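The values are calculated or read from the model by the stated rules, or taken from the named source; none is laboratory data. Every value quoted in this text rests on a predicted model; they were computed, and no experiment measured them. Quick reminder, even Gly has a Cβ in these numbers, built from the backbone with ideal geometry, and neighbours come from all protein chains shown. Heads up: the accessible areas ignore ligands, DNA and RNA and are worked out on the full protein's heavy atoms, side chains in. Shrake-Rupley method; radii C 1.70, N 1.55, O 1.52, S 1.80 Å.
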Amino acid sequence: MSAFVAQSIQSKKMSDTKKTILITGGSGYVGTHTVLEFLQDGTYDVIVLDNSSNSIMEGLRRVEEMTGKKVPRYQVDLIDKQAIQGVFDKHKIFCVIHMASLKAVGESCKRPFFYYKANLFSAINLIEVMQENDVYNLIFSSSATVYGPPKVLPLVETLETGGCTNPYGRTKYFIENIFRDVCTVDPKWNMMFLRYFNPVGAHESGIIGEDPMGVPYNIMPFVAQVAVGRRQEVQVFGDDFDTPDGTGVRDYVHVVDLAKGHLAAMKKIEEKSDVQPKIYNLGTGTGISVLEIISAFEKYTGKKIPYKMAGRREGDVATMIADASKAGRELGWKTERGLKEMCETLWNFQSKNPYGYQGKEQQ
Ligand code: UD1
């Protein structure tokens, strides 16, 4: 018997007892925290598919070390349909959580075609392979960006989407619509879209966290890199927004709460609903400004964060705040970590891993 066949038999056996969840992009920031929650919960087997383009496998290796459990992982690009099929051949998959995505907003403006091709083709290939293998449960990592510039606040799931301000955002919007159309024509589909607000923080152990490639686009990892001495100062993008202190207000959600949101969603997806797809905002419902982030980080970590006011960043809006009550009502999900935990856990990870997982400045 070849090693491949033996491994396949063993993999199929693994899922005889527990349902197997495939997480695409499972070695990334939200992915590693989600895999950890799933392993600790123990209800499901987890396998990961990732092309490692924006994450190195170190995060997942650490998750395995923390839990003492092995996570079968496949270095597969979702552009390669045959390679995806190879993973479905090896495992009897119950549900896919589709997180894999290019997500650098700035880069997406410079290379829109690259973003559309990567994110849209991946989603289409994945859904085709799922269909061909009779797997119809899908949880999609969407984003608050699909709402576009808000006309009303807080943002509730029933609002119209669109008007996104960059190609990255549009890929999320397009994928939601592609998936929605697929649900309309085939009632076998059972889908959930989770619209993340702004994921921040790290696991309380300081072992896993966010490890952005190059200069961080997002505020929290940038602040943490200033604190650790990798960058000189934070540039505050705009102080003339229509907000209490003039700086941008966002709904920051702790990554561990977000990860637990996926577990809550997974348990709910087992009760198939007539309404397809089911959409949930994952946020806290609380808005925090850039200046509040900086002063909270200083307060909870004791680190001084030099900053200067800079002009607005193109495409930024004044305020994004979730109405996350539907996730509370229907998934039983509630956030448990506030700004204090967001700053403390981020700093715990950053100070223990000043240069991220690789231990040196990335090019
Ligand atoms: C952005 C994207 C969102 C994406 C998210 C996570 C848009 C409009 N937003 O969210 O789709 O899901 O990143 O990748 O496409 N800020 C500074 N200085 C900095 C960085 C940010 O002042 O160096 C400010 C921003 O102007 C904003 C706030 O901090 O007011 C949050 O910015 P950021 O962390 O980048 O998140 P979003 O722009 O909300």
Take the alpha-carbon centre of segment 77-106, take the same for segment 114-192, and report the distance between them in whole Å. 15
So for each of 262-268, 39-45 I average, over its residues, the number of other beta carbons within 10 Å; can you give me the resulting order with the highest mean first? 262-268, 39-45
In segment 234-363, with Lys and Arg counted as +1 and Asp and Glu as -1 at Cβ, which of these residues, A264, S289, G248, has the Cα nearest the positive end of the dipole, that is, farthest along it? A264
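Using a 1.4 Å probe on the protein chains only, how many percent of the accessible area of the chain belongs to carbon and sulfur? Walk me through the intermediate numbers first.
Numbers: 8180 of 15830 Å².
Reported share for carbon and sulfur atoms: 52 percent.
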Whole-Hz couplings from phi, Karplus 6.51/-1.76/1.60, listed for segment 38-43; x for Gly and Pro: 5, 5, 5, 5, x, 6
Helix-only mean residue ellipticity at 222 nm, the chain, DSSP H runs n ≥ 4 weighted -39,500 (n - 2.57), per residue, nearest 500. What is it? -12500 deg cm²/dmol
Skipping prolines and chain starts, which residues have an amide H placed within reach, meaning under 5 Å, of the one on I139, given they are 5 or more residues away or on another chain? V96, I97, H98, M192
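For the chain, give the magnitude of the charge dipole about the Cα centre (Cβ charges: +1 Lys/Arg, -1 Asp/Glu; no others), in debye to the nearest 20.
Its charge dipole is roughly 520 debye.
Return the loop-located GluC sites (Glu not before Pro) in segment 276-363 (DSSP other than H, G, I, E, B) with at most 15 other Cβ atoms within 10 Å of their own Cβ; answer none if there are none.
Numbers: sites: E292, E298, E314, E330, E336, E341, E344, E361; in loops: E314, E336, E361.
Passing both the DSSP loop test and the Cβ count: E314, E336, E361.
Can you flag which of K151/K334; K18/K117; K18/K340; K110/K303 are past 30 Å Cα-Cα? Display every interim value, and only then the final one.
On the way: K151/K334 26 Å; K18/K117 35 Å; K18/K340 36 Å; K110/K303 35 Å.
Those over the limit are K18/K117; K18/K340; K110/K303.
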Would you grab the residues whose amide H sits under 5 Å from the one on I93? Only those 5+ places off in sequence or on another chain, please, with H modelled 1.01 Å from N. none
Between M309 and I79, how many nm apart are label points set 7 Å from Cα along the C-beta direction? 4.4
Apply the Karplus parameterisation 6.51 cos²θ - 1.76 cosθ + 1.60, with θ equal to phi minus 60°, to every residue of segment 26-37 and state each ³J(HN,Hα) to the nearest whole Hz, in sequence, with x for glycine and proline. x, 9, x, 5, 5, x, 5, 5, 6, 4, 4, 4
If you line up the long axis of helix 58-67 against the longest principal axis of the chain, both from Cα atoms, how many degrees apart are they, to the nearest 10? 70
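Per residue, how much accessible area does the chain show when a 1.4 Å probe rolls over the protein heavy atoms, in square angstrom? Numbers along the way, then the final one.
Working: 15830 Å² over 363 residues.
Result: 44 Å² per residue.
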Which angle from 0 to 90°, rounded to the nearest 10, does the C-alpha axis of helix 3-17 make with the longest principal axis of the chain? 80
Residues whose built amide H sits under 5 Å from the amide H of Y74, excluding neighbours closer than 5 in sequence, are V48, L49, D50
Could you run the Karplus curve 6.51 cos²θ - 1.76 cosθ + 1.60 with θ = phi - 60° over segment 168-184 and give me ³J(HN,Hα) per residue in whole Hz, x for Gly and Pro? 4, x, 5, 4, 5, 5, 5, 4, 3, 5, 4, 5, 5, 4, 5, 4, 5
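Among the GluC sites (Glu not before Pro) in segment 139-192, which ones are in a DSSP loop with at most 12 other Cβ atoms within 10 Å of the Cβ? Mind listing them? Please report the intermediate quantities before stating the final value.
Values: sites: E157, E160, E176; in loops: E157, E160.
Taking segment 139-192 and a limit of 12 other Cβ atoms within 10 Å, the loop GluC sites (Glu not before Pro) found are E160.
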Helix axis angle, 112-132 relative to the chain longest principal axis, alpha carbon, degrees: 30
Taking 51 Å as R0, compute the FRET efficiency from the Cβ-Cβ separation of S351 and V185 and round it to 0.05. 0.50
